[in-house]
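See structure below.
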Amino acid sequence: MADLRTNFLGIKSPNPFWLASAPPTDKKYNVERAYRAGWGGVVWKTLGEDPAVVNVNGPRYGAIHAGDRRLAGLNNIELITDRPLELNLREIAEVKKAWPDRALVVSLMVPCEELNWKSIIARVEETGADGLELNFGCPHGMSERGMGSAVGQVPEYIEMVARWCKQATRMPVIVKLTPNITDIRYPARAARKGGADAVSLINTINSIVAVDLDSFAPVPTIDGKGSHGGYCGPAVKPIALNMVAEIARDPETMGMPISGIGGIETWRDAAEYIALGCGTVQVCTAVMTYGFKIVEEMIDGMKKYMDGHGFATIEDFRGLAVKNLSDWKYLNLNYIAKAKINQDLCIKCGRCHIACEDTSHQAITHMVDGIRHFEVKDEECVGCNLCVNVCPVEDCITMEAMAPGSVDPRTGKVVPAQYANWTTHPNNPSAVAAE
């Protein structure tokens, strides 16, 4: 049976599934219910200095839904905790004492002054918490006050604050990164230079998810006005995975522990983050949508996946995908694939034909001998796999590689056996220099 126990920076938890710093981790009541449901750890909702921040007393969320009303993305305008600092600290101490086997990391955000950071860290240490997460990612409300992503967008500030915090604590320090930046590698490098033990990412993406076409105000709307907020949920997962991958393969940050965040709803989502090098994963939107008990399915699914692949622990497959990350210019241009339609599975909806005919390469029939029939024309197919992605029937359309030595009917050329990429291609004006 697979063992899901993790040891992230010396912080032990029974599984890699943690709750991210957000409304679900704002108080003792929530956190203890999460632990009872099976969550391996939590990052307590971001603490700040007293007097506590003031949140709006009205709509705080906007949403993007799929056609079946499944939540695809969530936008929020909520700030850090609006509960008194002393109350939060007391509850953190109580929870950690009652649940010593669970991870409890505390998220922090204070003005960018050394004394402010060191003062609050000293108070957090007294609670017995396992670690700190420096919130350099929040894109709304706090950033306008010189905190959150206002710090996370300046690598020099990240390095400086991380160094202050490492000097002030025995606890591991995790830097939470903002995605609202051109190149995620620079803030990650700065965190490492400042002595941070790990990074977590991504925080929410700056966004406006909708405009009410009756009131003409952004959603959510407060008394006729709206504001930008932080976007999260399943829709941000591809962005988060890419940023995690960039840090995992960057020579300057390679090997740095990562806690993955962004759109994680299932064990499969979590496994993808782990395959890219993450030691833990953090979940928020899925819990706000379906409740704490979704962790049961995550745990069960992850164990079955690991048992099926012969992985005894998370470490057995953590980072295995990193070696397969590549820049486009190194992809094999001699690899040729064609789409194939399984006629037994085809429901003759025609979506593959329309997508290919109208937007791609006119490589799929819709009629053969006067009968409605969908079949790939190999002489036109470039192997783009758009048809695979628009087909509503799983595995009805697959991609099949052509064997080296065979002739590609589209080009009339023999498929080479040797690897070749853009750096050596004759159409590349820099090919000789690259070679």
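The values are calculated or read from the model by the stated rules, or taken from the named source; none is laboratory data. From a predicted model like this one, the values you see are computed outputs, not experimental measurements. For neighbour counting, all protein chains shown are included, and Cβ atoms are generated from backbone atoms with ideal geometry for every residue, glycine included.
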Which condition breaks for Ala363 when tested against (1) buried (at least 16 other Cβ atoms within 10 Å of the Cβ); (2) under 25 Å from Ala271 (Cβ atoms)?
(2)
Name, by its number, the condition in (1) surrounded by 14 or more Cβ atoms within 10 Å (Cβ to Cβ); (2) under 31 Å from the mean Cα position of the chain (by Cα) that does not hold for Phe374.
(2)
In the set Ile258, Ile294, Ile247, which member is free of Cβ contacts under 8 Å to residues at least 40 places away in the same chain, surrounded by 18 or more Cβ atoms within 10 Å (Cβ to Cβ), farther than 27 Å from Ile208 by Cα and of a type in the set (Val, Ile, Thr)?
Ile294
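Residues of the range 297-320 being of a type in the set (A, V, I, L, M) and either closer than 30 Å to Tyr61 by Cβ or surrounded by fewer than 18 Cβ atoms within 10 Å (Cβ to Cβ) (or both), which ones? Break it down stepwise before answering.
Looking only at the range 297-320, we keep the residues that are of a type in the set (A, V, I, L, M), and these are 298-299, 302, 306, 312, 314, 320.
Met298, Ile299, Met302, Ala312, Leu320 - these are the residues of the range 297-320 that are of a type in the set (A, V, I, L, M) and either closer than 30 Å to Tyr61 by Cβ or surrounded by fewer than 18 Cβ atoms within 10 Å (Cβ to Cβ) (or both).
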Quick one: is Lys348 in contact with a strand residue (DSSP E or B) (Cβ under 8 Å, 6 or more places away or on another chain) and without any contact (Cβ under 8 Å) to a residue 40 or more places away in the chain?
yes
The correct count of residues that are of a type in the set (Gly, Ala, Ser) and within 12 Å of Asn334 (Cα to Cα) in the range 407-430 is 2
Counting only residues that are crowded, with 24+ Cβ neighbours inside 10 Å, hydrophobic (A, V, I, L, M, F, W, C) and not in a strand (DSSP E or B), how many does the range 1-21 have?
1
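Looking at the structure I just gave you, is Leu345 outside any strand (DSSP E or B), in the same structural domain as Pro416 (by TED's automatic domain parsing) and under 30 Å from Ala270 (Cβ atoms)?
On the way: outside any strand (DSSP E or B): yes; in the same structural domain as Pro416 (by TED's automatic domain parsing): yes; under 30 Å from Ala270 (Cβ atoms): yes.
Taking the combined requirement at face value, the residue satisfies it.
Say whether the condition of being over 27 Å from Glu78 (Cβ atoms) and assigned to a loop (DSSP other than H, G, I, E, B) is met by at least one residue in the range 275-282. Reasoning before the result, please.
Taking the range 275-282 as the starting set, the residues that turn out to be over 27 Å from Glu78 (Cβ atoms) are 275-277, 279.
Filter once more, keeping what is assigned to a loop (DSSP other than H, G, I, E, B): 276-277.
There is at least one residue in the range 275-282 that is over 27 Å from Glu78 (Cβ atoms) and assigned to a loop (DSSP other than H, G, I, E, B).
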Within the range 23-51, count every residue that is surrounded by fewer than 22 Cβ atoms within 10 Å (Cβ to Cβ) and either polar (S, T, N, Q) or outside the structural domain of Ile80 (by TED's automatic domain parsing) (or both).
1
Just a yes or no: is a residue in the range 321-332 within 19 Å of Ala34 (Cβ to Cβ) and either aliphatic (A, V, I, L, M) or modelled with pLDDT of 95 or more (or both)?
no
Is there a residue in the range 307-317 that is outside the structural domain of Asp395 (by TED's automatic domain parsing), closer than 30 Å to Met402 by Cα and without any contact (Cβ under 8 Å) to a residue 12 or more places away in the chain?
yes
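To keep it simple, each residue is scored yes or no on (1) charged (D, E, K, R); (2) modelled with pLDDT of 95 or more.
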{"position": "Val173", "(1), (2)": "no, yes"}
{"position": "Ala191", "(1), (2)": "no, yes"}
{"position": "Ile222", "(1), (2)": "no, no"}
{"position": "Gly226", "(1), (2)": "no, no"}
{"position": "Ile239", "(1), (2)": "no, yes"}
{"position": "Asp250", "(1), (2)": "yes, yes"}
Among strands (runs of 3 or more DSSP E) entirely within the range 206-259, at least 3 residues that are under 21 Å from the mean Cα position of the chain (by Cα) occur in 229-232
Taking the condition of being in a loop (DSSP other than H, G, I, E, B), closer than 19 Å to Thr285 by Cα and among the aliphatic types (A, V, I, L, M), how many residues in the range 51-94 meet it?
4
If we keep just the residues of the range 151-188 that are surrounded by fewer than 18 Cβ atoms within 10 Å (Cβ to Cβ) and among the acidic types (Asp, Glu), which is farthest from the chain's Cα centre (by Cα)?
Glu156
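Suppose the filter is buried (at least 16 other Cβ atoms within 10 Å of the Cβ) and either closer than 24 Å to Lys413 by Cα or among the aromatic types (Phe, Trp, Tyr) (or both); does Cys356 pass it? Show your work before the answer.
Numbers: buried (at least 16 other Cβ atoms within 10 Å of the Cβ): yes; either closer than 24 Å to Lys413 by Cα or among the aromatic types (Phe, Trp, Tyr) (or both): yes.
Yes.
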